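Student: What follows is a structure written as structure tokens; I'll ask about it next.
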Amino acid sequence: MININKDIVDLTSKIDFSGVILIKNKNNFVYEAAFGFSNRADEIKNKISTKFGIASGCKLFTAVAICQLVEKGDIAFETRLKDCLDLDFPNFDENITIHHLLTHSSGIPDYFDEAVMENFEDLWKERPMYLLTSLSDFLPMFQNNKMMFTPGERFHYNNAAYILLGLIIEQQTGISFTKYIETNLFAKCDMHDSGYFSLDRLPKNTAIGYIDLEDAGTWKTNNYAVPIQGGADGGAFITAPDMMKFWEALLSFKLLKEETLHLLLTPHICEEDEEYYGYGIWISKKDNTICKYHVMGYDPGVSFNSSYYPQSGITTVIPSNKDEGPYDISQTIETNYIKFG
């Protein structure tokens, strides 16, 4: 076996990684370590138990919640948006379904189109991020815009679609999206250190997100670069051990029945060669065989990667309070440690 500790430490030093790395096989942790500072100004170090923002990494939570409502019979994957959400979308196609929203194939306009917009911070120049305290606050940013393409035509990553899924959860359950997730997912997984925390009220042991200003040789926090509170399309805070608990609960049918989990993990649509999307989760193939289920998230001052490799039973969780790092580390782990086939 390769010296995974040396490989990772060398890389974390090279890229100045700030965050946590957890690697677990079917029974035991094979690697766990924390790097960098959760608070640079006061030089407070990250710990295994530090809470990190995970940006879009939590779209999977939204998808699981929708699947739970499908199991209850409240909605179906083929239920049309117009039939399960009492809001006006004058320019939307009436045939958009929950399946389309889950798989980024709805064609609805996005409030932040990652294919054409580079800087997430630019969104808040006209609409202050501190005003976005609920899912409905995002609606004016896309509600009246025109469709991008016909539902089901193709894959196009879409944050607004997950805002709508969160609003569907709220309408169908009568409680806030964040309350539903914390009660019906986090509590069931014993994820007691995770939640949708407001940036102006972060709890103890939470990593502050940092944006490196390389040209100026300094940094700034991401306090004004992301919405003040996360929601259905991203922004939850988790600890690495809590995310590991989530994978274990999900894959052991504690959150969904086996049949529903199978649908969530089905490669419903192709994003590019051998890279697919299920419901809230990325699915990678090698030689037409599924080799990895993974989630990832990137915001200013936040980066996250977490994967489950079904052939080896290995799970990785890598959150960071910087813009980058987890992807490079996950690639190194795959190259040197994960066996496919």
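Student: Just need a number here: residues in region 253-308 that are within 20 Å of GLY166 (Cα to Cα) and assigned to a strand (DSSP E or B).
Tutor: 7
Results for (1) in contact with a Leu (Cβ under 7 Å, 6 or more places away or on another chain); (2) hydroxyl-bearing (Ser, Thr, Tyr), shown as yes or no for each residue.
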position	(1), (2)
LYS26	no, no
PHE37	no, no
LYS51	no, no
LEU60	no, no
ILE66	yes, no
ASP74	no, no
THR79	no, yes
ASP88	no, no
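Student: Still on this structure, I have one more. Could you list all residues from region 197-252 that are surrounded by fewer than 23 Cβ atoms within 10 Å (Cβ to Cβ), charged (D, E, K, R) and either assigned to a loop (DSSP other than H, G, I, E, B) or at positive phi (or both)?
Tutor: Across region 197-252, the qualifying residues are LYS204, GLU214, ASP215.
Student: Starting from residues that are assigned to a helix (DSSP H, G or I) and of a type in the set (Val, Ile, Thr), keep the ones in region 24-83 and report whichever is surrounded by the most Cβ atoms within 10 Å (Cβ to Cβ).
Tutor: Restricting to residues being assigned to a helix (DSSP H, G or I) and of a type in the set (Val, Ile, Thr), the top hit is THR62.
Student: Looking at PHE138, is it modelled with pLDDT of 95 or more, under 21 Å from GLY280 (Cβ atoms) and of a type outside the set (S, T, N, Q)?
Tutor: When the stated conditions are applied, PHE138 does not pass them.
So that you can scan it fast, the table gives a plain yes or no per residue for (1) of a type in the set (A, V, I, L, M, F, W, C); (2) within 21 Å of ASN91 (Cα to Cα):
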{"position": "ARG154", "(1), (2)": "no, yes"}
{"position": "LEU165", "(1), (2)": "yes, yes"}
{"position": "THR173", "(1), (2)": "no, no"}
{"position": "SER194", "(1), (2)": "no, no"}
{"position": "ASP212", "(1), (2)": "no, no"}
{"position": "ASP242", "(1), (2)": "no, no"}
{"position": "LEU250", "(1), (2)": "yes, no"}
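Student: On to the next question. Against the definition (over 14 Å from VAL64 (Cα atoms), polar (S, T, N, Q) and in contact with a Gly (Cβ under 8 Å, 6 or more places away or on another chain)), how does GLN229 come out, yes or no?
Tutor: Considered against the rule, which asks whether it is over 14 Å from VAL64 (Cα atoms), polar (S, T, N, Q) and in contact with a Gly (Cβ under 8 Å, 6 or more places away or on another chain), GLN229 comes out as yes.
Student: Right, something else. Cβ-Cβ under 7 Å, sequence separation 6+ or interchain: first residue in region 149-163 and under 17 Å from LEU139 (Cα atoms) and in contact (Cβ under 8 Å) with a residue 12 or more places away in the chain, partner surrounded by 22 or more Cβ atoms within 10 Å (Cβ to Cβ) and hydroxyl-bearing (Ser, Thr, Tyr). Which pairs?
Tutor: ASN158/SER106; ALA161/SER106; TYR162/THR62
The values are calculated or read from the model by the stated rules, or taken from the named source; none is laboratory data. Remember, it's a predicted structure, so these values are computed and weren't measured experimentally. Quick reminder, even Gly has a Cβ in these numbers, built from the backbone with ideal geometry, and neighbours come from all protein chains shown.
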